[in-house]
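Q: Here it is, the structure, as structure tokens.
The values are calculated or read from the model by the stated rules, or taken from the named source; none is laboratory data. Keep in mind that what you see is a predicted model, and the values were worked out from it rather than measured. FYI the Cβ positions are ideal-geometry reconstructions off the backbone, even for glycines, and counts take in every protein chain you see.
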Amino acid sequence: MNTSVFLRQKKSKYMKNSLNFSEISPSEWLSLNQFLYELKQIDLPCVSVYYPYGKGNETISLLQETKRNESFEKIESKIEKTIKELKDNPTSAGKFTKTLCIFGWIKNGKISLKKIGTSKKLPYIYMASKRPYTKPFSDILKTNHSVLLVTLDQKSARIQKFHGSQIVQESKLRIDLQGRHKKGGQSQGRFLRARQTKIHVFFKKVANKVRLMDSNSELVLLGGIGPAKTEFFTELDSESAKKCRFVETLSFSTPMNDIHKKIIHHLYLHRRKYVAEIIQKYEDLVKEGLTAKKK
């Protein structure tokens, strides 16, 4: 039997409906990212199991029904024991566990397992492949953010609202701006003042558009070639300014793949900082002799 294909999966309609892309908390997002980073270091044949919390018995039956080679049978046997342990005490990255995920492999003759629970509904999957099968996680993490991306120079601006990898709203603004002072007519100084005023008015229009499009965005990413982005930043209202991050090497010609990488990078830094601040608050409480206890 080909071990690189699905052994069990619900119908495609169920899979589509079960992928719930509502927002997950920053702490869960960070935990899942760290978990995936560790899994990516594993370059060995692996059994990957995703199953809804409370469906452990059905999953065990599935594992027992399928006949594998000796190595995979050993992994599956240990996964079965782990599922029994997780019935009453599920491990979870989120507040509530909806899907449990277990990955098992053999290295130097020893069986290793990694497990995590997530608050999202993932497809019911049992798969043996050359490496851990993590695509369902990737789908959640890539789609689970709302970011406003502003790219501008002194005469043009592009504002794009991303939800995951999709652009859900876009606006472009532009003005005619003379680059150099022509001989004759107004003085050089008057020309430069008029030019700067025109830029200032333009930036105000862009900032107003950002304010209108900024509802529910987790971050406002600001980039562009030249000094325009730093000049424009002062025009943002306080709410957008708090969420704003400067993005280097971003221009109107930046490929979409690179844009996605920059968005993920800044989002990761933002959420990691958020979680670090929460941890610090608890550490400060402990220093003061106060602790949070679970009843």
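Q: Could you look through segment 71-97, keep only residues that are over 20 Å from residue 47 (Cβ atoms) and polar (S, T, N, Q), and pick out the one that is farthest from the chain's Cα centre (by Cα)?
A: Step by step, filter segment 71-97, then rank; the result is 89.
Q: A further question follows. Condition first: among the aliphatic types (A, V, I, L, M), touching a helix residue (DSSP H, G or I) at 6+ places or on another chain (Cβ under 7 Å) and closer than 15 Å to residue 212 by Cβ. Now tell me which residues in segment 153-177 satisfy that.
A: Those that are among the aliphatic types (A, V, I, L, M), touching a helix residue (DSSP H, G or I) at 6+ places or on another chain (Cβ under 7 Å) and closer than 15 Å to residue 212 by Cβ: 157, 159, 173.
Q: In the list 83, 111, 75, which residue meets the criterion of being of a type outside the set (D, E, K, R), farther than 30 Å from residue 271 by Cα, at pLDDT 90 or above and in contact with a strand residue (DSSP E or B) (Cβ under 6 Å, 6 or more places away or on another chain)?
A: Going through 83, 111, 75 in turn, the sole match is 75.
Q: Related question: Just one of (1) modelled with pLDDT of 85 or more; (2) over 27 Å from residue 149 (Cβ atoms); (3) not in a helix (DSSP H, G or I) trips up residue 183, so point out which.
A: Unmet for residue 183, out of (1) modelled with pLDDT of 85 or more; (2) over 27 Å from residue 149 (Cβ atoms); (3) not in a helix (DSSP H, G or I): (1).
Q: What are the residues in segment 185-241 that are within 24 Å of residue 253 (Cα to Cα) and among the aromatic types (Phe, Trp, Tyr), if any?
A: Scanning segment 185-241 gives 202, 203, 232, 233.
Q: Please determine whether any residue of segment 86-99 is within 13 Å of residue 59 (Cβ to Cβ), surrounded by fewer than 17 Cβ atoms within 10 Å (Cβ to Cβ) and modelled with pLDDT under 90.
A: Scanning segment 86-99 turns up at least one residue that is within 13 Å of residue 59 (Cβ to Cβ), surrounded by fewer than 17 Cβ atoms within 10 Å (Cβ to Cβ) and modelled with pLDDT under 90.
Q: Given the condition more than 23 Å from residue 269 (Cα to Cα) and in a helix (DSSP H, G or I), answer yes or no: does some residue in segment 220-229 qualify?
A: Yes, the conditions are met somewhere in segment 220-229.
Q: I would also like to ask the following. Here's a check for you: in segment 186-237, which residue that is among the polar types (S, T, N, Q) and under 25 Å from the mean Cα position of the chain (by Cα) is surrounded by the most Cβ atoms within 10 Å (Cβ to Cβ)?
A: Out of the qualifying residues, it is 217.
Q: Follow-up question, since we're still on this one. For segment 57-168, list the strands (runs of 3 or more DSSP E) that sit wholly inside it and hold at least 1 residues that are touching an Asp or Glu at 6+ places or on another chain (Cβ under 6 Å); which are they?
A: Result: 146-152, 156-163.
Q: Looking at segment 22-49, which of the residues that are assigned to a helix (DSSP H, G or I) and among the acidic types (Asp, Glu) is nearest to the chain's Cα centre (by Cα)?
A: Going through the qualifying residues, I end up with 28.
Q: Looking only at residues in segment 101-120 that are within 14 Å of residue 86 (Cα to Cα) and without any contact (Cβ under 8 Å) to a residue 60 or more places away in the chain, which one is surrounded by the most Cβ atoms within 10 Å (Cβ to Cβ)?
A: Here the residue is 101.
Q: Take segment 141-176 and flag every residue that is touching a strand residue (DSSP E or B) at 6+ places or on another chain (Cβ under 9 Å), free of Cβ contacts under 8 Å to residues at least 24 places away in the same chain and polar (S, T, N, Q).
A: 160
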